[in-house]
Amino acid sequence: MALLTAEGLRLRYDDELVLRDVSFEVEAGEVLALLGPSGCGKTSILRVVAGLEPAEAGVVRLDGNDLAAVPSHRRGFGLMFQEFALFPHLRVEQNIDFGLRMQGLGGDERRERVADLLTIVGLTGYESRQVHQLSGGERQRVALARSLAPRPRLLMLDEPMGALDRGLRDTLLLELRRILTELGQTSIYVTHDQDEAFSLADRVLIMERGEIRQSGTPEAIFRQPVDAFVARFIGLGNLIEAQIEDREGATVARTTIGDFALLPHVDAPRGRATLLIGDERAQLERVDGGVDRHVTNSFLAQVRQRSFRGRRLTFRVQAGEATFLFEADTRPQHQAIREGDNVLVTVDPEALRVLA
Amino acid sequence: MSGRSVSVRRGGRLGGSWAARALLLLPLTFLGLFFVYPLFEIFRESFASDGFSLAPFGDILGDDFFLGRIWFTLWQAVASTLLTLALGLPSAYIFARYDFPAKTLIRALTTVPFVMPTIVVAFGFVALVGANGILPLNLTSSIWIILLAHTFFNYTVVVRTVSALWAHVDPKTEEAARLLGAGPLQVFWCVTLPQIRPAILAAASLVFLFSFTSFGVVLILGGPQFATVEVTIYNLTARLFRLELAAALSLIQLAVTFGVMLFYARFQERSAVPLNFQPRAAGARRPRGRREGLLILSNFLVVLAIVLAPLLALVERSFSGSDGYTLAHYSGLETNTGGRVFFVSLSGAMKNSLWFAGATMLVAVPLGTIIAFALARARGRLRTLADALFMLPLGASAITLAFGILIALDSPPLNLRASWVVLVIAHSLIAYPFVVRSVLAVVRGIDAELREAATMLGASSLRVFRYIDLPIASRAILVGATFAFAISLGEFGASLLLTRPEYSTIPVAIFRYLGQAGAERLGAALAMSSVLMVVSMAGFLIIERFRYRDVGEF
């Protein structure tokens, strides 16, 4: 049985429905990421699960027991706030100790636990620092230590990297992953950044406008996004309307820019759909004269933008009304392509997906 | 990101518990008995001394004498407000935008006037520009001495309130406007002013209020030709015994002050700055070049002139006799040489004053703290109204409060008229709004997420209050306590109306000296004022020691 289950959560602010019957489960020991654009309701889910916000409808269960009657401070959950919410009047060790003190543990036990946590987050020696003397990264570590100290059944992290700058994030993300894995800490991690979600989580829930659009392992979502929203949100933007048909024993996606043959194992319903063209493994070839336009899996386009990224090149190309982004290797054939050139793009059938 | 907007819109579960609501009964009972009920008695007195009648209002609004008093009160309050803004805004700018040597000390000095008792200030100006003053300028019985004294008092309010918000204005918004082609004047008018306007309006309404209900300064410095509504109410009550006219006039004054309080509550809330409890130097920088250096120097001189001159003059005059410096004025304070009936020795008056101040503190601090926490949690439309209502005693004027208590608490079961308790009640009513304001500013600034974080760490709402709110607000409560103490110590109007000779406080004793003839009487008044000033100065030092930087309005 799952550690935590949420069924049919509904929440309204003023007249706006911010959660529409959201259901999900968290298994013991897993890190679940809630991923979605800002305002999609991710934080609201945390607040409802934490009991800080009463839901209009729905049930949250821990070990199968309804939590409705359990107030926030008795749920035994940890919540790490986006801006950390460290207590300004307490020193670092007192911040970390707060939850232990609330549990009524003895002094020795608390001191030991605080010292352990400072070691875990790499802040030994910071015990008596004032909170306002800390850098952004140090604050985040203190906040993490504070929410881990009472050994929460479930740790919820609300955009913990949101207040930090880019360079710091990558280091801290790795470390956070290490800590959560080592402790086997069941966690819900809220973020709008797909890199964070995919690199940290065992499972990802993608949300939009108060609804869960897709859930699965990072690999599964990346391999087969369910719809255009999810595909775009995780950075797969090469989408075009298609008609899926059977032709001469093969499945073909017919589009305004050309036909694409799908591999036999691609499972696609017949009829109208969206075709996703992966941005990798495409070949671009400059064309000057006429070309047979009916070559399958390739189409004619014009290069709008070319950027050099060291080991690879990216091209933004336009074909008809649609624009696509492709990454290409730096072979001379690709290097020679300039903005404004007409190119023939040939895609690898492995990179083709059909979305509902 | 989304978290921000969510916590603002949040209805929240962490509201008051039943215990918290029950606690609110304490201030409500106190205010009901000692503020609302006396006000009701004032109503009754003015409308229905013999059957319902609007006659007292007719008598006042149909009489050129009273209309003249109301008109004078209004225009001197407006003039005082404008003068205070003219002096205070440049200082507010300098404190908000520049770092310079001894800034903390100079800023602290600007608080001195606010804790000074009216009577000390009045005699300070007598010593400075009175008939026998230090400066060769006699402003006795001119309007200027009144306006200057009001400016002295309220300079602090403008500087504190406005510089706190001004320091929060991001200088980059001004730089951006400059780069977009706005001249310095346009930048101020279109970018800076709209951002600091709530603070200016809040400060201005408070200064107006204090000047409108000014009593001691006008009573002592105004001479026969200048009297505010407040002084007129006092004269009608204590000297002419026309209680129905006093009541009607109190109501007219109350209507004005309540309107101003509403205005104030609205802008005060908007000028509140979020707390982060850390020293913040954003936007403030060291002065560059001679022009900016001179600007800061001249600000320092203005502070010095406004704040210190009257006080130094007071001390100097208190030591000067007919032939050189002498301690005679001081030694005379303990012995009743003239064999006067109502003599109060300095030590006797001091004992009374300290006793009343201590008792006031014990009442006003719990009262103000409970109200502040309740107001901080209030939501929605009632919020501004509740704020203005709880702050109403601040605008109700000392004389109106005392007058109400005088006519309301004179019959069993609340026959307190002859007891020293009435004085503590009146002082607490006057003092608790200051506790509310200093605590409220801090409690409102506490991020809701701090409370939620504590909750998630296992703290019940009582423990959240105990371990988060209370420790964070403790310094503000201490500041409020000191205000309550200092205000009681210096309170003059209500004390004058309510006190009995055996309970004379220092300010009342000082005033009594004026009623007697002779130059040595003025000397004694100056000497006693100097003593009171030194005691009040101690209060100021405590306030400065414990306030959070830039937080709190006074």
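The values are calculated or read from the model by the stated rules, or taken from the named source; none is laboratory data. Values in this document were obtained by computation on a predicted structure and should not be read as measured data. Glycine also receives a Cβ, built like all others from the backbone with ideal geometry; neighbour counts cover every protein chain displayed.
Some notes on this structure:
- Hey, residue A:117 in a loop (DSSP other than H, G, I, E, B) and either more than 30 Å from residue A:20 (Cα to Cα) or modelled with pLDDT under 90 (or both) or not: no
- Subset tally (residues that are modelled with pLDDT of 90 or more, in a helix (DSSP H, G or I) and closer than 29 Å to residue A:152 by Cβ) for segment B:418-464: 10
- Of the helices (runs of 4 or more DSSP H) that lie entirely inside segment B:164-241, those containing 1 or more residues that are small (Gly, Ala, Ser) span B:171-179, B:193-212, B:216-221.
- Checking the stated criteria, residue A:26 turns out to be at pLDDT 95 or above and either among the polar types (S, T, N, Q) or assigned by TED's automatic domain parsing to the domain that holds residue A:194 (or both).
- Residue B:383 being more than 16 Å from the chain's Cα centre (by Cα), within 30 Å of residue A:146 (Cβ to Cβ) and surrounded by fewer than 17 Cβ atoms within 10 Å (Cβ to Cβ): no
- Residues (at pLDDT 85 or above and among the basic types (Lys, Arg)) located in segment B:191-241: B:197
- In segment A:128-152, residue nearest to the other protein chains (Cβ to nearest Cβ) [restricted to those that are assigned to a loop (DSSP other than H, G, I, E, B), over 22 Å from residue B:459 (Cα atoms) and not basic (Lys, Arg)]: A:134
- Sub-6 Å Cβ pairs linking a first residue in segment B:383-409 that is free of Cβ contacts under 8 Å to residues at least 60 places away in the same chain to a second residue that is surrounded by fewer than 24 Cβ atoms within 10 Å (Cβ to Cβ), at least 6 apart or interchain, are B:386/B:378, ordered by first then second residue.
- Options A:244, A:240: the member that is part of a strand (DSSP E or B), farther than 30 Å from residue A:34 by Cα and in contact with a Ser or Thr (Cβ under 9 Å, 6 or more places away or on another chain): A:244
- Taking the criterion of being within 11 Å of chain B (Cβ to nearest Cβ), of a type outside the set (Lys, Arg) and crowded, with 19+ Cβ neighbours inside 10 Å, the residues of segment A:25-44 that qualify are A:36, A:40, A:41, A:43, A:44.
- All conditions but one from (1) surrounded by fewer than 24 Cβ atoms within 10 Å (Cβ to Cβ); (2) in contact with a helix residue (DSSP H, G or I) (Cβ under 7 Å, 6 or more places away or on another chain); (3) of a type outside the set (D, E, K, R) apply to residue B:397; the one that does not is (1).
- Out of A:258, A:216, A:184, A:162, sole residue that is in contact (Cβ under 8 Å) with a residue 40 or more places away in the chain, assigned by TED's automatic domain parsing to the domain that holds residue A:40 and surrounded by 14 or more Cβ atoms within 10 Å (Cβ to Cβ): A:162
- Matching residues in segment A:45-74 - criterion: being free of Cβ contacts under 8 Å to residues at least 40 places away in the same chain and either at the interface with chain B (Cβ under 7 Å from one of its Cβ atoms) or among the basic types (Lys, Arg) (or both): A:47, A:52, A:54, A:72, A:73, A:74
- Some residue of segment A:337-348 being within 14 Å of residue A:255 (Cβ to Cβ), assigned to a loop (DSSP other than H, G, I, E, B) and aliphatic (A, V, I, L, M): yes
- Near pairs, Cβ below 9 angstrom, 6+ apart or cross-chain, from segment A:270-288 (within 13 Å of residue A:353 (Cα to Cα)) to any residue that is at pLDDT below 85: A:273/A:356; A:274/A:356
- Some residue of segment A:105-126 being under 24 Å from the mean Cα position of the chain (by Cα) and surrounded by 19 or more Cβ atoms within 10 Å (Cβ to Cβ): yes
- Search result, residues across segment A:144-192 that are among the small types (Gly, Ala, Ser) and either more than 14 Å from residue A:82 (Cβ to Cβ) or touching a helix residue (DSSP H, G or I) at 6+ places or on another chain (Cβ under 8 Å) (or both): A:145, A:147, A:149, A:163, A:167, A:184, A:187
- Scope segment B:91-115; condition under 21 Å from the mean Cα position of the chain (by Cα) and at pLDDT 85 or above; matching residues: B:91, B:92
- Considered as a group, the residues in segment A:57-70 that are closer than 29 Å to residue A:15 by Cα and surrounded by fewer than 14 Cβ atoms within 10 Å (Cβ to Cβ) include one that is farthest from the chain's Cα centre (by Cα), and that residue is A:69.
- When residue A:82 is tested against (1) in contact (Cβ under 8 Å) with a residue 24 or more places away in the chain; (2) within 24 Å of residue A:199 (Cα to Cα); (3) more than 12 Å from chain B (Cβ to nearest Cβ), only condition (3) is not met.
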